[in-house]
Amino acid sequence: MAAASSAAFADEPARLGVAELVRRCEEIVSTYHAGRTTVDTHTDEYLSEHGIVEPEDVCFLQQVMYGCVRYRRLLKIMTSSLFFKHSGETQRSDATLYTVLGYLALLRLSELGFDDFKAIVLSQERHAITVFLRFLFDADTLRVWLRPEWMKHYEPSFVEDELVGKALTFAPQVQGVVRVLEGQAAAEASKRDEEAAALKALAEGRGGKGECTVPEPFNLTAPKARLLPPPEETIPIGFKPTPVPPTTYVEPKRDREELERRKDQNRIELRAKYSDPKVQPFRLKTLERPSTFEKVKAELEAARDAECDFERSGHRVKPPPAPRPGEGNVRLNAAAILREDSLYRKKQQQEAEKLQAYEQELRDSTEYYEWRARMQQHDKEEEASAVERRRIETLLGEEAAKESKLRKHNERVAVAAAVKLQVSEGAAQRRRDEERARLEKEARVLDVHAQRDKPALAIEEIAKANHARASAMREEAERLAAAAAEERRAEDERRRDLIQQIRALELVPRKRVVALDPTYIPNIGVLEQMSLAELRERLRMVEEERSAEEKKKRERILAAKASKEKELKARLSRLSHIREEAAKDAARRVEAAKRVEIEAEEQRHDRLAAAQLKLHQEIEAKRAVRLQEEARLAEELKAIKMKAQFLGADASAVERKRMLSQRQGAQREAMARQDAIVEASSATLSTEAKELARRRLNLQRQRQKHEAFLRDYEASAAQATDAARHDEAEWQASRQMLQTRLGLGLSHAGKAQVATKELGRGQSNRPNPLGLDESAIVA
């Protein structure tokens, strides 16, 4: 089994590693030429040539190839910007690698997952990947460098949401990967420096024993410092600055040394002072004497704690006094008073509406409630009949479901046969389509080979036109640059003149005296302009008006509050009176309900006692009848047993007859087996001839049976409907009979007559426990 499993694993195609998979993607993208072959053909040829058959690797390579071809403009803009911005840190030979990684990072990072993308990134060269990640996942690069160019070829929503937005979402995680790559690069650089230093020390002889060679510098001529050219025109300053004092950059060494010396001296004096025992904190002799202060303190605290411990002291705490009924006063707030008053007002309104309705209609709602009770009872009876009707309909539905299931099975068999026929026809049509597609592809390949030289000629003509257009654009750019330089020189001259004029104006001294006049009105052409004095006066008048308004408002609030309190007191007194009257009415209703309940209980006890007495009498009567029947049956059983004893006297003759019957049966069985073998051989020969005719007959019978079943089903449905109506009538009759049997609505004489009839019916319908015929038993 181990050998078989190893052979099975050997047959499975090996998956490519991460670095190898990226290298394959780079190679398949770089070897594709759009003018020579198609994407599908190139991908299939590359996979078959390199023997890549693992499904996941094949799918990954195909997706990368298609994506790089489809988004070649987007990726071209990205790589061009990268080489332009980081020209000193990147190589043109890595353009295909940046294209593949850019496609994975911009368009497939959400599907790929950041962990797999991190594995792909860490499998490549660190410096190139670090520069790429810094460039691509930078907000400034995405919004300033790439976004304007992408929006020239793609929709703004696609650029904002799918490209820039998703890239910035993964930016924090990418920064962590960049830090990891930088740490690894720094570790490798330090390792290389250490190795170089060790090799240098070994070359200089510092790594071994003996004298080492000391290098001496060459006696080279030191280069002279280049002098800056003098300015074309010196701008006069207009004043002479004061020179910097010489003490600004001179360090006061003597003062600092003196300060440090004083600090050291102070530390020495302080340490000597506190090391003297005479300067230490003094100690009192009273503290060293023995004392009972702690003991007395503990005893005093224990006594105070004992006074507070009521459970151990033996004193029983008196329970809080219970309030007597009717003495507890609950203080209600305004919301509770208004809520209770609204509730009582609603109740009074309802009672007034009832009285008004009674006065207008001259009736109350008692008749309505009686009618509603009758209707509810009628609804219950209708519901019971509906339940029985639904039960019958369920049985009919079950039969219909069985028939439908059989019919559906036959239809599925027919559909399956038709589908098989269609599948076979579709397979034949598919083979014909594949053959036609193969011929069309071969013709297309021949056409591509015939048209292969034309793209090269077109590319050459386009290149010549591009060179001519580039030379023209270069000349135009040079002309525009010369004109811009001339404009900048003229602008510099104009600015230099303005600066000189401004400095000359600043050197002219001016005296500015500002005096404040509170009555001055600035006439500057705006609305509501006024002097400072007028503004202050108006402010004072507004403040007085506001204070007067506030005083009036406070008085209105106090008056409203007083009226509200008065209204609440009136409502509270009315509510108290209503509550007292309601309590009295509730007590009266409770007493009346108790009396009604006691009377109902007494009536129920009387009715139950009468029913129990009647039931006891019926049970005793049935018991007497059952005992008489059991005695009669016992006598009959005894007579049957005696008859059986007489019949068992001739048992030996019966045994001989049984043995003879067994031998004759064995002979008949042997003859029957021979006849069965002969009949089976003849039936086998005739069965094959009759099988075809029987199948046709069966199909015809099934069709006839189905039609007969439909007719029977319709007849049974009609019969079931009639039976349901008959059952409902019987149920109503049985219900009426049950009411009559229980004596509901009958007098005592009628009840006795009904009981006599039921007793006679019970004797005529009594069961026969032994299953014997009474006439036979009597005989």
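The values are calculated or read from the model by the stated rules, or taken from the named source; none is laboratory data. All values reported here derive from a predicted model rather than from experimental measurement. Counting neighbours? That spans all protein chains shown, and the Cβs are built from the backbone with ideal geometry, glycine included. Quick note on the areas: whole protein, heavy atoms, side chains included, nothing else; ligands and nucleic acids left out. Shrake-Rupley method; radii C 1.70, N 1.55, O 1.52, S 1.80 Å.
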Inset, instruction - Please verify whether the stretch 2-22 includes one or more residues that are open to solvent by 70 Å² or more (accessible area, probe 1.4 Å) and at pLDDT 85 or above. - result: no
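Taking residue 708, is it within 30 Å of residue 410 (Cα to Cα), surrounded by fewer than 10 Cβ atoms within 10 Å (Cβ to Cβ), at pLDDT 70 or above and out of contact with any Leu (no Cβ under 6 Å at 6 or more places or on another chain)? Give the steps one after another, and end with the answer.
Details: within 30 Å of residue 410 (Cα to Cα): yes; surrounded by fewer than 10 Cβ atoms within 10 Å (Cβ to Cβ): no; at pLDDT 70 or above: yes; out of contact with any Leu (no Cβ under 6 Å at 6 or more places or on another chain): yes.
Here the answer is no, as residue 708 does not meet what is asked.
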Legend entry - Failed item, numbered, when residue 527 is tested on (1) open to solvent by 100 Å² or more (accessible area, probe 1.4 Å); (2) among the aliphatic types (A, V, I, L, M); (3) part of a helix (DSSP H, G or I): (3)
Inset, instruction - State all residues of the stretch 24-54 that are open to solvent by less than 30 Å² (accessible area, probe 1.4 Å), of a type in the set (A, V, I, L, M) and not in a helix (DSSP H, G or I); if no residue qualifies, say none. - result: 52
Inset, instruction - Examine the stretch 729-739 for a residue that is surrounded by 10 or more Cβ atoms within 10 Å (Cβ to Cβ), at pLDDT below 70 and either in a helix (DSSP H, G or I) or more than 60 Å from the chain's Cα centre (by Cα) (or both), and state whether such a residue exists. - result: yes
Legend entry - Selection count, the stretch 446-455, where residues are open to solvent by 100 Å² or more (accessible area, probe 1.4 Å) and of a type in the set (A, V, I, L, M, F, W, C): 1
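Mind checking which residues of the stretch 132-169 are of a type in the set (Val, Ile, Thr) and in contact with a Leu (Cβ under 8 Å, 6 or more places away or on another chain)?
Of all residues in the stretch 132-169, those of a type in the set (Val, Ile, Thr) come to 141, 144, 159, 164, 169.
Scanning the stretch 132-169 gives a single hit, 164.
Per-residue answers, yes or no, for (1) surrounded by 10 or more Cβ atoms within 10 Å (Cβ to Cβ); (2) assigned to a helix (DSSP H, G or I); (3) under 47 Å from the mean Cα position of the chain (by Cα); (4) basic (Lys, Arg):
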| position | (1), (2), (3), (4) |
| --- | --- |
| 407 | yes, yes, yes, yes |
| 437 | yes, yes, no, no |
| 444 | yes, yes, no, yes |
| 457 | no, yes, no, no |
| 469 | yes, yes, no, yes |
Inset, instruction - Inspect all residues belonging to the stretch 506-517 and state whether any of them is surrounded by 10 or more Cβ atoms within 10 Å (Cβ to Cβ) and either touching a residue at least 40 places away in the same chain (Cβ under 8 Å) or hydrophobic (A, V, I, L, M, F, W, C) (or both). - result: no
Legend entry - Tabulated pairs, the stretch 63-75, first open to solvent by 30 Å² or more (accessible area, probe 1.4 Å), second part of a helix (DSSP H, G or I) and hydrophobic (A, V, I, L, M, F, W, C), C-beta under 7 angstrom, 6+ apart or interchain: 66/39; 69/39; 71/107
Legend entry - Number of the exception - residue 48 against (1) over 30 Å from residue 159 (Cβ atoms); (2) modelled with pLDDT under 85; (3) among the small types (Gly, Ala, Ser): (2)
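Looking at the stretch 530-558 only, could you name the residues that are touching a Ser or Thr at 6+ places or on another chain (Cβ under 6 Å) and outside any helix (DSSP H, G or I)?
Step one: of the stretch 530-558, the residues touching a Ser or Thr at 6+ places or on another chain (Cβ under 6 Å) are 531, 533.
Result: 531, single match.
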Legend entry - Lone qualifier among 152, 118 - being open to solvent by 70 Å² or more (accessible area, probe 1.4 Å), under 23 Å from residue 59 (Cβ atoms) and either touching a residue at least 40 places away in the same chain (Cβ under 8 Å) or not in a helix (DSSP H, G or I) (or both): 118
Inset, instruction - Could you tell me whether any residue of the stretch 351-359 is over 30 Å from residue 579 (Cα atoms), of a type outside the set (Val, Ile, Thr) and either in contact (Cβ under 8 Å) with a residue 24 or more places away in the chain or part of a helix (DSSP H, G or I) (or both)? - result: no
Legend entry - Complete set of residues in the stretch 121-149 that are assigned to a helix (DSSP H, G or I) and either among the β-branched types (Val, Ile, Thr) or out of contact with any helix residue (DSSP H, G or I) (no Cβ under 8 Å at 6 or more places or on another chain) (or both): 121, 129, 130, 131, 140, 141, 144, 148
